[in-house]
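Okay, so here's the structure we're looking at.
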Amino acid sequence: MIKVENLTKRYAGQPAIRDLNFEVGKGEIMGFLGPNGAGKSTTMRILSSFMPPTSGRASIAGFDVFEQSLQARAHLGYMPENVPLYNDMRVTEYLDYRAALKGVPHRRVAERVGDVKELCGLKEVEKKIIGALSKGFRQRVGLADALVHEPDLLILDEPTSGLDPNQIRQVRDLIKNLGKQHTILLSTHILPEVEMTCSRVIIINRGRIEACDTPENLLGRIRTAGGVIVEAKIGSDDGAEELRKIAGVRDVTESVDGDWRIFALRVEANTDVREEVYRLASARRWTLRELSQRKATLEDVFVEITHPDEV
Ligand SMILES: Nc1ncnc2c1ncn2[C@@H]1O[C@H](COP(=O)(O)OP(=O)(O)OP(=O)(O)O)[C@@H](O)[C@H]1O
Ligand SMILES: [Mg+2]
């Protein structure tokens, strides 16, 4: 559905993305992750024909996003990072206008706009002026706009940015639902969201693709398996020093809560150090109140790939 080949974009000579290659198959929900400035929005803007690449090619449903941009865009619903809305229009009026602009036949506009308002939970605000909507509802209008011409591909640039946790859940559920019938390329900073919704993930850093795989495979690839939390009363022992000696422990950080010490251990992949920690605590007569394992998450993958020095 999306094919990107050797895509490069420079702004005033400075590369924003360099030599990107990836494909998104029909029906996939692809997560697009990367730190600020990594090049996510740049890539998405090129795919949406908003600007040309410096070199390389991209196509949507087989249509070159530059040479055949009309055909490419007919397949694509794009929700940009900052949704540009007409603040003095009412919600329905705006969506009618956008539908007409995107070539929805006149006789079908009312039906399509009705459907996307329903889908995006906009019924209750349909008569409101867009400028008076809360951020969450503005995002939904942006999503409805992206969907109104029935594209089979959605490119969503941080659709949940600026939303509260309840709204994030709602939008996440909506995206999951949309994923049943659409191909989706989704950028976000909220990693649990990606773990829950995406079939594959691209991690981009400083304009380059560092990884492209399923969340499970990415988790299997990293050096840390997550961590173990130990909370204990340890008297005058140097707990961190003792814990560091355990095989498989890569690093220990320590904090204090009254008489208790809280140790966060980072451990190597495929190791479980809890038994050894228990033995140590028992031998040293430490009082344990917590000994628990935290499995690696996509966040660990992200940190390890994009900030390898800090791991
Ligand atoms: N219009 C522009 N002119 C000059 N440089 C730009 C422009 N847009 C983006 N850049 C630069 O290109 C690089 C990639 O930016 P981009 O917006 O694609 O990152 P991003 O991954 O979307 O980041 P964020 O997570 O902050 O949205 C950055 O270094 C940015 O400063
Ligand atoms: Mg961006």
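The values are calculated or read from the model by the stated rules, or taken from the named source; none is laboratory data. All values derive from a computational prediction rather than experimental measurement. Ideal geometry is used to build each Cβ from the backbone, glycine not excepted, and the neighbour counts take in all protein chains shown.
Based on what the data block shows, is Pro151 assigned to a loop (DSSP other than H, G, I, E, B), in the same structural domain as Lys26 (by TED's automatic domain parsing) and under 21 Å from Ile29 (Cα atoms)? Yes, satisfied. Residues that are farther than 28 Å from Glu193 by Cβ and either out of contact with any His (no Cβ under 6 Å at 6 or more places or on another chain) or modelled with pLDDT of 85 or more (or both) do occur in segment 291-305, at least one of them. Apart from one condition, Asn82 fits all of (1) crowded, with 16+ Cβ neighbours inside 10 Å; (2) within 16 Å of ligand 2 (Cβ to nearest atom); (3) not aromatic (Phe, Trp, Tyr); the exception is (1).
From the list Asp173, Asp88, Asp96, the lone residue that is assigned by TED's automatic domain parsing to the domain that holds Ile202, at negative phi, among the charged types (D, E, K, R) and touching a residue at least 40 places away in the same chain (Cβ under 8 Å) is Asp88.
Tallying residues that are within 13 Å of ligand 2 (Cβ to nearest atom) and at positive phi within segment 15-33 yields 0. If you go through segment 194-240 and pick out every residue that is of a type outside the set (Gly, Ala, Ser) and either on the phi > 0 side of the Ramachandran plot or free of Cβ contacts under 8 Å to residues at least 40 places away in the same chain (or both), you end up with 7.
Scanning segment 261-311 for residues that are without any contact (Cβ under 8 Å) to a residue 40 or more places away in the chain and either among the small types (Gly, Ala, Ser) or in a helix (DSSP H, G or I) (or both) yields a count of 12.
Being surrounded by 15 or more Cβ atoms within 10 Å (Cβ to Cβ) and farther than 30 Å from His189 by Cβ holds for only one residue in Val252, Val228, Val273, Val201, and it is Val273.
For segment 111-138, what are the residues that are assigned to a helix (DSSP H, G or I) and small (Gly, Ala, Ser)? Result: Gly114, Gly131, Ala132, Gly136.
Here's the yes/no breakdown for (1) within 12 Å of ligand 1 (Cβ to nearest atom); (2) modelled with pLDDT under 95:
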| residue | (1), (2) |
| --- | --- |
| Ile2 | no, no |
| Arg10 | yes, no |
| Ala16 | yes, no |
| Met44 | yes, no |
| Phe50 | yes, yes |
| Ile60 | no, no |
| Phe63 | no, no |
| Arg90 | no, no |
| Gly103 | no, yes |
